[in-house]
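Written below as structure tokens is the structure these notes are about.
The values are calculated or read from the model by the stated rules, or taken from the named source; none is laboratory data. Everything numeric in this text was worked out from a predicted model, so none of it was measured. For neighbour counting, all protein chains shown are included, and Cβ atoms are generated from backbone atoms with ideal geometry for every residue, glycine included.
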Amino acid sequence: MIRTLKSSDLPEIKNVYIKSNSANNLNVPEDHFLKDGLFYINETLHKCQNWIFESGGQAVGIISVSHDYIEGLFVLPKHWNKGIGSELLKYVLYIKKELRLQVYESNINAINFYRKHGFKITGGGICQITGLPYFEMNYETT
């Protein structure tokens, strides 16, 4: 079930954020996502529209969107490849006709996921926080 974020979801969402990012084996310091998770919970979520995927009474996925920018799409790793990320993204694509995002170049699973849903690489850069290269990806309805 997809629903809007409630304040009672925040501890679960922090866990989703940290586990999802850590499972991608990105070349960042071990505690990076613990610290960044606090920023995501305390700062990013408040400027976004947030939708939760709930399964069995637990928040197992989230998509956060600020205007036309996906700030994050995270799913607990044990729920990967079950269509949860796709359902969250399709839900937002029904509301927003144009979306953009940044994804680390080394996150091949995420790049393939977004390509499968019609996103195209339009640019790139280097993340000022992690120093990792990223792609910019855009989606537009035709």
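Could you please find all residues in the range 86-127 being in a helix (DSSP H, G or I), among the hydroxyl-bearing types (S, T, Y) and touching a residue at least 12 places away in the same chain (Cβ under 8 Å)? Even if it seems obvious, please write down each step before you answer.
Residues of the range 86-127 that are in a helix (DSSP H, G or I), as a first pass: 86-95, 108-116.
Imposing the further condition that a residue be among the hydroxyl-bearing types (S, T, Y) reduces the set to 86, 91, 94, 114.
Result: S86, Y91, Y114.
Return the total of residues in the range 51-72 being touching a strand residue (DSSP E or B) at 6+ places or on another chain (Cβ under 6 Å), of a type outside the set (V, I, T) and over 15 Å from V16 (Cβ atoms).
Matching residues across the range 51-72 total 2.
Just need a number here: residues in the range 27-42 that are at pLDDT 75 or above and more than 15 Å from the chain's Cα centre (by Cα).
Going through the range 27-42, the residues at pLDDT 75 or above turn out to be 39-42.
Narrowing further to those that are more than 15 Å from the chain's Cα centre (by Cα): 42.
Within the range 27-42, residues that are at pLDDT 75 or above and more than 15 Å from the chain's Cα centre (by Cα) number 1.
Quick test of your reading of the structure: Q102 fulfils all but one of (1) within 22 Å of I41 (Cα to Cα); (2) surrounded by fewer than 15 Cβ atoms within 10 Å (Cβ to Cβ); (3) of a type outside the set (A, V, I, L, M, F, W, C). Name the failing condition by number.
For Q102, the exception is condition (2).
E12 is checked against (1) buried (at least 21 other Cβ atoms within 10 Å of the Cβ); (2) over 29 Å from K120 (Cβ atoms) and fails just one. What number does that condition carry?
E12 satisfies every listed condition except (1).
Would you mind stating whether K90 is at pLDDT 95 or above, among the charged types (D, E, K, R) and surrounded by fewer than 17 Cβ atoms within 10 Å (Cβ to Cβ)?
Values: at pLDDT 95 or above: yes; among the charged types (D, E, K, R): yes; surrounded by fewer than 17 Cβ atoms within 10 Å (Cβ to Cβ): yes.
For K90, the condition - at pLDDT 95 or above, among the charged types (D, E, K, R) and surrounded by fewer than 17 Cβ atoms within 10 Å (Cβ to Cβ) - is met.
Of the conditions (1) farther than 22 Å from E140 by Cβ; (2) crowded, with 16+ Cβ neighbours inside 10 Å, I70 fails just one. Which one is it?
That leaves (1) as the condition not met.
Being in contact with an Asp or Glu (Cβ under 9 Å, 6 or more places away or on another chain), in contact (Cβ under 8 Å) with a residue 12 or more places away in the chain and either of a type in the set (D, E) or in a helix (DSSP H, G or I) (or both) is the requirement here; does D9 meet it? Walk me through how you get there before you give the answer.
Details: in contact with an Asp or Glu (Cβ under 9 Å, 6 or more places away or on another chain): yes; in contact (Cβ under 8 Å) with a residue 12 or more places away in the chain: yes; either of a type in the set (D, E) or in a helix (DSSP H, G or I) (or both): yes.
Considered against the rule, which asks whether it is in contact with an Asp or Glu (Cβ under 9 Å, 6 or more places away or on another chain), in contact (Cβ under 8 Å) with a residue 12 or more places away in the chain and either of a type in the set (D, E) or in a helix (DSSP H, G or I) (or both), D9 comes out as yes.
Please find, among G37, G61, the residue that is touching a helix residue (DSSP H, G or I) at 6+ places or on another chain (Cβ under 6 Å), surrounded by 12 or more Cβ atoms within 10 Å (Cβ to Cβ) and farther than 20 Å from F119 by Cβ. Write out each step before concluding.
Details: G61 fails: farther than 20 Å from F119 by Cβ.
Sole residue among the options that is touching a helix residue (DSSP H, G or I) at 6+ places or on another chain (Cβ under 6 Å), surrounded by 12 or more Cβ atoms within 10 Å (Cβ to Cβ) and farther than 20 Å from F119 by Cβ: G37.
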